[in-house]
Structures are given as C-alpha cells and as structure tokens.
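Have a look at the structure below before the remarks.
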Number of protein chains: 4
Amino acid sequence: MGKRHAINFHTLTHRAMVVAVTSPDQDECKWATENLEGVRVYLDYEEMLAKEDLQAVVIASATAVHAVQTLSAIEKGYHVLCEKPLSQDVAVAHSVVDAYKRSLRIHPKQKVMCGFSRRFDASYREAYEKVAQGDYGRPVVFRSQTADLHDSSGFFVNYAKTSGGIFVDCSIHDIDLMLWFLGEKSKIKSLQAIGVTAVHPGLEAIKDRDNAIATVEFYGGRIANLYCSRMMAAGQEDTTEIICQRGSVRVNMEGRKSHVDVHDSLGARRELPQHSFDRFREAFVTEAREFTSCCLDNTPLPVKLESSVRALAIGQALQRSLVSGDKVMFDELDAKL
Amino acid sequence: MGKRHAINFHTLTHRAMVVAVTSPDQDECKWATENLEGVRVYLDYEEMLAKEDLQAVVIASATAVHAVQTLSAIEKGYHVLCEKPLSQDVAVAHSVVDAYKRSLRIHPKQKVMCGFSRRFDASYREAYEKVAQGDYGRPVVFRSQTADLHDSSGFFVNYAKTSGGIFVDCSIHDIDLMLWFLGEKSKIKSLQAIGVTAVHPGLEAIKDRDNAIATVEFYGGRIANLYCSRMMAAGQEDTTEIICQRGSVRVNMEGRKSHVDVHDSLGARRELPQHSFDRFREAFVTEAREFTSCCLDNTPLPVKLESSVRALAIGQALQRSLVSGDKVMFDELDAKL
Amino acid sequence: MGKRHAINFHTLTHRAMVVAVTSPDQDECKWATENLEGVRVYLDYEEMLAKEDLQAVVIASATAVHAVQTLSAIEKGYHVLCEKPLSQDVAVAHSVVDAYKRSLRIHPKQKVMCGFSRRFDASYREAYEKVAQGDYGRPVVFRSQTADLHDSSGFFVNYAKTSGGIFVDCSIHDIDLMLWFLGEKSKIKSLQAIGVTAVHPGLEAIKDRDNAIATVEFYGGRIANLYCSRMMAAGQEDTTEIICQRGSVRVNMEGRKSHVDVHDSLGARRELPQHSFDRFREAFVTEAREFTSCCLDNTPLPVKLESSVRALAIGQALQRSLVSGDKVMFDELDAKL
Amino acid sequence: MGKRHAINFHTLTHRAMVVAVTSPDQDECKWATENLEGVRVYLDYEEMLAKEDLQAVVIASATAVHAVQTLSAIEKGYHVLCEKPLSQDVAVAHSVVDAYKRSLRIHPKQKVMCGFSRRFDASYREAYEKVAQGDYGRPVVFRSQTADLHDSSGFFVNYAKTSGGIFVDCSIHDIDLMLWFLGEKSKIKSLQAIGVTAVHPGLEAIKDRDNAIATVEFYGGRIANLYCSRMMAAGQEDTTEIICQRGSVRVNMEGRKSHVDVHDSLGARRELPQHSFDRFREAFVTEAREFTSCCLDNTPLPVKLESSVRALAIGQALQRSLVSGDKVMFDELDAKL
C-alpha cells in the first residue's frame, strides 16, 4: 500500500509533490530510490519528520505504528492521510481524534483523515447520490460483503495474527459504507456475528474465522447484513446493496476484471478482479487527489476521523461477538458504539 | 394455488387424472365447473372423500385445515401432496408425520409429501448436482432470499395475520433449501433474526415484519444467512448462493422475466418476474408429474415429510427470535430443531 | 422433431388427441408404440390418411416429402401443421399455397401453417409488442443470428447435403423474424451474403459454408444483418436485435441454459443451451396448443403460409449470393422476393 | 480531444512535459492559459514549431490540417502522435507515410503514430492475447460496432459534412481492430455496405447515413461484419466479437457506465457510457504514456502508420459502397486496399 500511495501521489496527483518517503525496510527504501525520482528516502519516520519541511504525511506503515506516527505528524501541524485502521486499540484511536481536535485550535486548516478508499469510488458515489436524491424512499436494508480471493500460499494465517480479525480487516470497509449509507448518526440497537474456519484451520487458534456473517440493527428501522470471506475461488468479490422502500441500488453485483467475455466449451465466462486493488485502483487515485485538494483548498474532509474510529469500534465489537457467540444489545440513549 | 395445481394435474400431467375437486368457496367451484372438463366438484372436502374412489389427494386449502384434511386422506390410504406448511402448529405437524408413519404399516406404498416447489426447479437441481459432485469441496456458507414484490393493495397486511409470519411464509422455502444443501441431518447450533417494518406499519401490531435477516449456525462448520422481504420494487427476487471451499454455485442472481432487454433513454433494462409463480411455473408442473410418478411407480419421495416439518419448526423459531430479539443456542446432543 | 411434436400434442396439448402416427422408420414406429399410449402406428403416411378419420395432420417428415404429404392432407380437408420448409423448391412451395387457397373455397375453416417456432416464443412476442406499441419509433435495423453448437461427430456435413444450405437451414428462422418485425409487406431492395468454411471443409464441395453473414436492404429505410454459424463452442446462440429510432429491443443477448452461475478458479461462468430445442422447448408446446385452438376455434393463423414461403425464397436467394458472391438488386415495383 | 490530450500528457503522463500548446481558437487558448500551468500558448501552430524546442508533437486539430501539421513536425525530426485520420484524402495520407519513411533515414528514432485509442484499451488487449495464445484456433468471423448516442441538438449533421462519412468517422476504429485481429497482412476479397437515414434526414443530401452495415471478406477464410450507428438511445455502444474456430472472445457486450444497478418499478437497470470517451478514458491515458515511452526509449510503435492509412482507405471504400450500393471485389495479387 505504501508503494501504491507513493506512486499515486508522485505520478498521478498533479497538485502534490512527494519530497520524502520512509520505511524501516531496506528493500522498500531501495525500491523508493529506484522508482521515485527526486525523492529523499529515510529509514526512520521520525528522522524524516525532523529533517524535512513537509505539508502533509501519508501513513501506510504497519498498523501497530499508525497511531504514534499520526500523532507525531499532528503535532507538527501536518495534514495526515492514514491508512485504516488508526489503531487496533479503540481507546488509542480515540486519543488520536482528541489530539487532532486539540491541534485544530492551533492549526484550524489541518486535515487528518483515515483512508477509506470506497468512499472515493465512482460507483459508490453514484449509488450514494441515487439513494440520497430520495426517489426510492429511505434506505432500510444495507447488505455488503468483502470477500477475498483464497490465498493458498499460507501467508494469510500469519498476516491474520495482527490484522485485528476478519471484521476489522475485511468488513471495516463495509462498516464504513454502512455508516455512510444509513447515516453517520444512526444508533446501533444490536449486533451479532457467526463464522467458521473452512479453509484456514489455523485461524481458530488466533480466534479468527475465514468466513463470517453479521447482523446489525439500528434504532429507527434500519438493518444491516455483512458477509466477509477469505475463501473466494474466482477473485475478490465486494458487493453492496442498499434496499430502500421503493427501489434498491446495488454496487458490483456482477464483478468483472475487464470488458472481456469468453465463450468456449465450458460456457460463457468472465474473469473477476483478483484483489481489491484491481477493483479500487481508481478510487485510490481519487483519494490521493481529493485529499490533496482538501489540504490545499481547505475544504471539508470527505470522511470524518470520528466516523473511521466508530467503524473500527463496530468492527471490533463484531469480532468479539464472532468469538463469543453473544448478541449484544445497546441502549438508545447510552450509545457506546 | 388450488387452481394452479388443478390445471397442472388436469392438463399437464399425462399420468394423472383429476376426477374431483373441492372448495368451500362457491366462486372457486364455479371456476372448476367451467374450467375442469369432466371433473366433479364438491363444496365439502369430507363429502368428496366419502363419495369418490380416489388414489391421491392434492391439498391447497387454507393452512388452518391442511393437517386435518391430510389426516383424513392418510386414513383412507390415499397419497397426499399437501401445500406447505402442514400446519402452523409444529406439534400438529408432527402428529401428521406420526399418522403417516403408522399408516405406512398398512399402506406401505403410500406417499405423503409437502409441496416445496423449489426442490423441483431445474436450476436448483443443477446447482445441487454441481455442489454434490464435490469438485468445489464442502458447502460452507448458504445464503438465500425470498423477496416479494411490494403489494400496495393493502391485501398483504390482512393476509399476514394468518401467514405465520415472514419467516414461515417467505423464508420457509429458503429454510427447506438450506436443509437440502447443507444436509438434512445438520444440527443447528444457533439462530437469530432481526427485522423492520418499512412499508407495512400494520405488521408491527401482529408481531410481523416486512424485511428480516436471519443467521443460522450449524454444528460442523456451516453457516447460513437468510433474507426475506415484502418490499421489492421491481419484482420477485429469490436468489441462493452455496459457497463451497473451492467454488460457489449461485441460483438466479440476475433474475429476469424473459430473454428480452430494452435499451432506451433510461439505460439498459430487463424486467423481473412479478410473482414466484412466474419464476417457478415449470417447477410446479414437475412437482405434479414427479409426485404422480412417485405414487404410481412406488419410488422414494423427493422431499421427506419430516424435513418439511423441520423447516417449519426452524421458520417458527426464527420468527420468535425476530420478535424477541433473542439469539437462541442449541445443544448438539439435544437437537430440538 | 416428429417425436417431440407427438409428445407435445399427446401429453401437453389438452385440446388435442393424437390418434395415429406414421413413420417409414421401423425404430421410430417402435418408439411410438412404446411411448404413445393408445395411438395407432403406421409405416405409410398415405395408408394412415386412408384408414383414419382425422381432423389435423402434423408433418415432421423428411423435407423431401413435406410438400406431397401436405398436399394429400389439404385434399382431405385436414388442417396441417408442417415443419419448415414446405419444400426445397420454391415453385413447389408456391403450388402448395395455391392448393391451400383452392381448398379454402371448399373448407373455409381449414388451417395450413408452417411451424416457425420462434413466433410462439414468449420473449419474441414480448419484443414484438414492445416494438409495436411504438414508443421507440419505427424499427430501422434488424440483426439476428442462429449460431449452432459445433458438431464434431461428422454427422453434420452429411446432413447439410440435403439441408438446402446454411441460409435455408439456419437463417430461415431469422428471415421469418425479419419479415415479422420489419413488416410482412416490406419489399427487398438488395441482398448479399459472404461466408467461409472454417471447421467443416467438406461443406465447400456441396456449395455450403459453416459461417455466413448476409445484409438485406428494404425499400422504406430498413436494413437487416444476419449471421449464421455451425461453429459455436459453448452452445446454441440465437440472438435478435430490433433497433428502432428511439430505443432497441433485444432477445437473448445473454443466453443461459438455466438460472445457475458458477464461480470457480476460471472466473464466473454460466452454461448455454446446447440445442435450439433447449431454448425453444416451450415455444414448441405453445405452437402445438395455439395451432390446436386455431383449428378448433377457427381463429386466424398465427403465421401465414405465404410468409413462410417468402422466407424460404429469401433464404434460397441468400444461399445463391453466398455461393456466387453477387449482390442482388431488386426493383421496387417488380418484387420477386 | 485536444484538451483531453493536453490534460493527459500534462497531469497523467509522468515522463512527459507539456511545454507549449496551440489552437487558432481564442477560447481554447484561454482555457489552456487557465488550466495548463506553466505551459506556453500559441494561436499559430507553425509559430509554435518555430519558437519552441520540442521533442514531440500531439496533433488533435481539425482533420483538414492533420496532414500538413504532421508533415511540418516530421520535417523538424519531432515525434508525432496525430489523431485519426491522417487525412480525408488517402493519397495525402500516403504522402505523409512516405515523408515519415524518408525522415527516418535522418532521424532513425523518430516515431509517427496515428491515435487509435482502442489498441490501448486493457480489454481489447486482453482479448487480443486470448485470441493470440491460440487455444481457440484461428479467428474466422470478426464483428464490431461503433454505435453512438443519438445527438438531438442538430450539431451532428453539420459536423458530418466534414467527417468523411459514417464509415470513416465511426467505423474507422472497428476497421483498425479488424486489421489487428484478423492480421495486418490479410488481403481483402470483397467489401460492401448498406445504410439508412432514420433520424438525421439531412445526411442524405451529403451522401451520408446514420446507420450502416458492412461486410468485408478476406482471402484466407476470414469474414467481417461492421455496424455503425448515430442513433443509440441509451448511450454509446461499442462491441466487438472475435469468433474463432473453437471459442469466441467478446469485448463490451454488456456495456455499463459504472458498477451500479438500480432495481425499481421499471425493472433492473444499468446506465451506459454516454460517449466513447467515458468508455475509453483510460485507453487515452495509456496511449499518452506508451507513446511517451516509445519516444523516450526508442521502442517499436504500438500501431504502424501504414496500418492506420490502410484503415482509412478501407473506410473510404466502404463509404463509397454505402452510397453506390456496389459490392466491390478485389484481386488477391493486386491488393489495392
């Protein structure tokens, strides 16, 4: 992701200039030296902050250092685009939000945002507008899935150890979309999740699953259904349905990698994107450009930091329910999520 | 449904002969006299049984009399095809199963079946075979929905009063499919449902909903997700996905009424079936023919009566969870469902 | 086709009764004896006509005897449904039309029709109504194809010898649809065809091709484009587009055998019908029923015999153009086709 | 197109630097001043060539000056990317090719290319690879269409006066693809076109049509079918099918503007791209980048200039056939096209 962001800002974001990059990994630094012309490369993030005079920082490091790196940049008054999640620890994430709020008093134009790429995807935006114009009535049922291609390399189980679990790692995007489509202020009434380990038995030991289903109930007559999977055979399949009272809007129900179909002895066939990056490549570029414009022109952030922290908290609550089996009920007045 | 069955058996099932029909409704009797050539018409079911010498009875009356009519026919040794559900009362339904089992000792070739049309649908059968041949590994996630066209006539709320609720009335088909695809012997570990009333507020008073989502967890690493709705704008949308370890099989993900597409100023568009009968018309004919063959040739029943009663019990349990909000856990050894 | 018609009339057409069948083939007679309960079987068509007292005859014999068998039945005043084409010789086909016209003076309710199944297909009828209601303006461009699954058995080249050529054998249906959609009275201004032998080199010797494209120009500003193929890898692909001034109506652009999709390591995939009979099964039943009703109720024929003969003449003209390479122009006043 | 190229090279092509732009149109110059930061703006092309020290020129001016502007740049040894067509006059186009060939002796690394965007489209490239890998046998039938959204503003008829006709303006892309997929060296055996004016009657006077169909026959057993239209109701619909002996590859058979579907009372619906630029936006960027790399790295041109001139000659021959009604035959040895 760091490389992708670097390329997107360096070559595809006309108003941005990448002046320095950092990674504790020697190979990544070598890659940067070779691929990012005219860009200074640091092994240490703090050293970069100390030596460079920057305007904004894009953080795509290990999740474990997201918060601390974001805090350092906030302190310097820099704009920050941090990959999701801000932290695996909701309390820490909240502390970043608080630090940002305090910093805003000194740097009122400072922008700190978590990178939720789907908010920048043209199709999701079109869907949002179609729902928002109101012809179909209010959204009632939100269904969304993030289903990744099965990784048979064995890499995945190791990765999962620090991923925060399938609801934090996969469904966080669907949760973010859920809050966007059903209303950032919607209050959760109940949530619950179930799951299985069907192809990665090693997940059981680390209290994770490779397929899971959640239901989320909101006060005000809205319900949501999330599905996440690490087991897809054909490719990455992310789909979203917003079912309103008099119509529904659906995103990517018939995923395809390209405009190509093949008809051969097996039938009529299309290929699917293999990775979410294939599906959301343009969204990442749009994110880079809009974040840049937002910083330069002091326009409102496309996604509020509080919303991203709330998405994380919901993801973690679902992950706990997945493991415990409990359905958790919430009081309307005492909104803990 | 009675008329449809009568027509299907009378004109489209070569090996069956409709000799008599019955309905307490004068208009229906009139319709039968006019449309079912050479068929005797009765206002009273028991009178028909008393006067006619039959081989089989097809019951598509009000749900309230399904069980008693089935029992009368079982007693006479007749084959019975009864519309689902056998009864709104699971205990009564179980008593019908018991009566059938006792009767089998006297009439070992007697067939009693509940009419679950989707089991006779060519696409569901193709899907079942594709899953069963095993190339994709075992089924892990079952997702299915029955989503009906919004009825704006006001008829629906009245109908709902005696329907048993949305999980019994709509999802019963998905539950039946779930048992078929995940294994009739799979034991339920937990179930839970949430729902809303978005377009039929009158449903609230009768403890029903117009949109609902359920999760069902099975012992042995299988999970299911059901969605039912009474609010679709474009038509009836029933879809099913069976996600296996190395592939998934999907039924009717792109519903269409016909092979026609229209491209006009609004875009590219297809129409959807308006009613499940449009979608499953052929399945009902297949059901009539196979039930007939099963009776005449003494072959095994395509759907076991116990399975249909179990589907009903699960539907009712989901309906209770929908109203109470409770997630219900089941012990593996003490399988109550 | 004879067996299918026999089954359709015998078991699926309630108002028809199959009393006798005939075939010069012993095996077919044996099949009839075993499968058509209560039906008398003849080896000789004329003997059947002589001995049986019939109301209607359905002819699905070898094309070579279509005309003579139709004439015998016309003479007896029987209704006739004859498989297309009436004859390979347009003059002979015209003589059948003349005989029918003369017979009508004696038997004014007599019905003689060529079986063009697509006219009875629900999707084509829906398309016709959508075009006819006029919202899209007049039809301007008609595109249609009949593309059959590649037959690797070697049977096809032999069959082709007496088929009349690809435009008579395959495209006759598209030509019939073209006349229906563009107007039975539309006059042809030019026609032309090109083709290749890509998979059946043996066709070259008998002046046929396995892939061919035709253009047909009508007076009054309408044009048509036909494609026919014997080389499809995935299945039978018949598609039709009627492009009107303000919208277009399309039939079967995304062929599928069933409602099933499979997602596996190759991508997302559906199977196609393998034979036109899979696609038009219901249309043949509708044809049987409507022809029966037309005879019994003396309603107008769904397809006029003259239209079917004209379709044949156009198919033969295209086949000649295919072989000669000539584009043929027609005078508006002297409509030879 | 000029603006789009300017933006693509200026902001999206990292290795290119736009130093100067030119247009005889004051408004366009104003736009350039405002939108192309740091770029010098000229009203006169020749003045720009005289004053600036350039490496490459991108020509997207009126077709009438394409050739002369290309020649001026060739003379200076500059690389040239010229929008199609090089000229409306094939002889002039050939003279440009000759000038380029002579210039190559002096400037062996000089690149002159006509901009055929579809060759840079990811889906067409994927299709080309799938055909080229050979599993499906050789390509036999090539079908392609360029069908544009109906322009009701009246602008179109005026534009058409200098467009060269529908086969030069629309189908040139399909012809280019045809040469690519069927082989640049394939020799034409016959060509022929028919057409109508259904929505723009004014086209008749300028010997053009708004819908046209062509057939092209090649020596070696390959045939092509082209359709072009100015009358689409839903959007721009470009589709291509390459039908090989044992499989077919299809591009964009189900066009869509985005990943969004809407289900409402009209059915299930998607929107189409409104303009080819929506469909090929990325292809134009790829073209800019690859042309840049080709110039800087002296790699072979993705599309040969001769091929582009041949496509033009074929388009003009089809346009003549469209007007005359003649089918034109070509001798294999004396390939004039």
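Kindly state, to the nearest 0.05, the FRET efficiency for A:VAL323 paired with B:GLU306, given R0 = 25 Å and r defined as their beta-carbon distance. E(calc), rounded to 0.05, equals 0.15. Computed from backbone phi, the HN-Hα couplings of region C:214-227 come to 10, 10, 10, 10, 10, 5, x, x, 9, 10, 9, 9, 10, 10 Hz, rounded to whole numbers (Karplus: 6.51 cos²θ - 1.76 cosθ + 1.60, θ = phi - 60°; Gly and Pro given as x). With its label point defined 7 Å out from Cα along the Cα-to-Cβ axis, D:ASN35 lies at 3.1, 6.4, 6.8 nm from the matching points of the other copies, in increasing order. Computed about the Cα centre, the dipole magnitude for the protein assembly as shown is approximately 0 debye when only Lys and Arg (+1) and Asp and Glu (-1) carry charge, each at its Cβ.
Once you order the gyration tensor axes a ≥ b ≥ c over the Cα atoms, which shape class does the protein assembly as shown get: rounded for a/c under 1.5, otherwise prolate or oblate by comparing a/b with b/c? Oblate is the answer for the protein assembly as shown, as a/c is 1.5 or above yet b/c matches or exceeds a/b.
For GluC sites (Glu not before Pro), the sites in region B:262-337 that DSSP calls loop and that have at most 11 other Cβ atoms within 10 Å are B:GLU332. Among the listed pairs C:LYS30/C:LYS161; D:LYS3/D:LYS109; C:LYS189/C:LYS304; D:LYS30/D:LYS101; C:LYS327/D:LYS161, those whose Cα-Cα separation exceeds 25 Å are C:LYS30/C:LYS161; D:LYS3/D:LYS109; D:LYS30/D:LYS101; C:LYS327/D:LYS161. Counting only DSSP beta bridges with both residues in chain D, the antiparallel share comes to about 65 percent.
D:ILE106 contributes about 130 Å² of solvent-accessible surface, heavy atoms of the protein only, 1.4 Å probe. Label-to-label distance, C:LYS185 versus C:GLU52, with points set 7 angstrom from Cα along the beta-carbon direction: 4.0 nm.
Put simply, chains A and D cover up around 2900 Å² of each other's accessible surface, both sides summed, when a 1.4 Å probe is used. Return the FRET efficiency for the residue pair C:ARG4, D:ARG4: r is the Cβ-Cβ distance, R0 is 45 Å, and the value is rounded to the nearest 0.05. After rounding, the FRET efficiency stands at 0.20.
Just the protein heavy atoms count here, and of the accessible area of the protein assembly as shown at 1.4 Å, carbon and sulfur take up 51 percent. Inter-chain neighbour count for A:185-194: the average number of beta-carbon atoms from partner chains within 10 Å of each residue's beta-carbon is 3. The label-point distance for C:TYR219 and D:ILE106, in a model that sets each label 7 Å from Cα toward Cβ, rounds to 6.2 nm. In this structure D:ASP326 has an accessible area near 90 Å², from a 1.4 Å probe over the protein heavy atoms.
Placing a label point 7 Å from the Cα of C:SER265 along the Cα-to-Cβ direction, the residues of region B:132-172 with a backbone N closer than 13 Å are B:135-137.
Taken residue by residue and averaged, Cβ atoms of other chains lying within 10 Å of the Cβ of D:126-133 number 2.
For region C:160-269, applying the loop criterion from DSSP together with a ceiling of 14 other beta carbons within 10 Å to the GluC sites (Glu not before Pro) yields C:GLU184.
With the simple model of a label 7 Å out from the Cα in the direction of the Cβ, D:LEU296 to C:GLU204 spans 5.1 nm. The mean count of C-beta atoms from other chains within 10 Å of the C-beta of residues in A:5-16, rounded to a whole number, is 2. Between identical copies, the spacing of B:GLU306 label points, each set 7 Å from Cα toward the C-beta atom, reads 5.7, 6.9, 7.9 nm from nearest to farthest.
Under 5 Å between amide hydrogens, built in the peptide plane, is the criterion, and for C:ALA20 it picks out C:ARG40 among residues at least 5 positions away or on other chains. Placing unit charges on the Cβ atoms of the charged side chains and taking the dipole of chain A about its Cα centre, the candidate lying farthest along the positive direction among A:VAL57, A:TYR128, A:GLY164 is A:TYR128.
Between the C-alpha center of region C:76-116 and that of region D:142-167 there is a gap of 47 Å.
Taking a ≥ b ≥ c as the square roots of the eigenvalues of the Cα gyration tensor, region B:2-115 is classed as prolate, since a/c reaches at least 1.5 and a/b is larger than b/c. Entry comment: accessible area of chain A is 40 Å² per residue, from protein heavy atoms only and a probe of 1.4 Å.
About the centre of its Cα atoms, chain D shows a dipole size close to 880 debye [charges on the beta carbon of Lys, Arg (+1) and Asp, Glu (-1) only; nearest 20 debye].
May I ask for the longest run of chain A untouched by trypsin sites (Lys or Arg not before Pro) that are loop-located per DSSP and have at most 14 neighbouring C-beta atoms (other than their own) within 10 Å? Longest stretch, sites excluded: A:208-335.
Region C:225-274 and region D:284-333 have Cα centres spaced 31 Å apart. Closest approach of any chain D Cβ to the axis that rotates D onto C belongs to D:LYS327, 2, distance given in whole Å. Rounded is the label for chain C, because the ratio a/c of its alpha-carbon gyration tensor axes (a ≥ b ≥ c) stays below 1.5. A label point on D:PRO108, set 7 Å along the Cα-to-Cβ line, lies at 6.6, 9.3, 9.6 nm from each of its counterparts in the other copies, closest listed first.
Think of chain C as having a plus end and a minus end, set by charges on the Cβ of Lys, Arg, Asp and Glu; of C:VAL39, C:HIS263, C:ILE314, C:ILE314 sits farthest toward the positive end of this dipole.
The values are calculated or read from the model by the stated rules, or taken from the named source; none is laboratory data. Given the structure is predicted, the values throughout are model-derived calculations rather than measurements. All Cβ positions, glycine included, derive from the backbone under ideal geometry; neighbour counts span all protein chains shown. Accessible surface areas use protein heavy atoms only, side chains included; no ligands, DNA or RNA. Shrake-Rupley method; radii C 1.70, N 1.55, O 1.52, S 1.80 Å.
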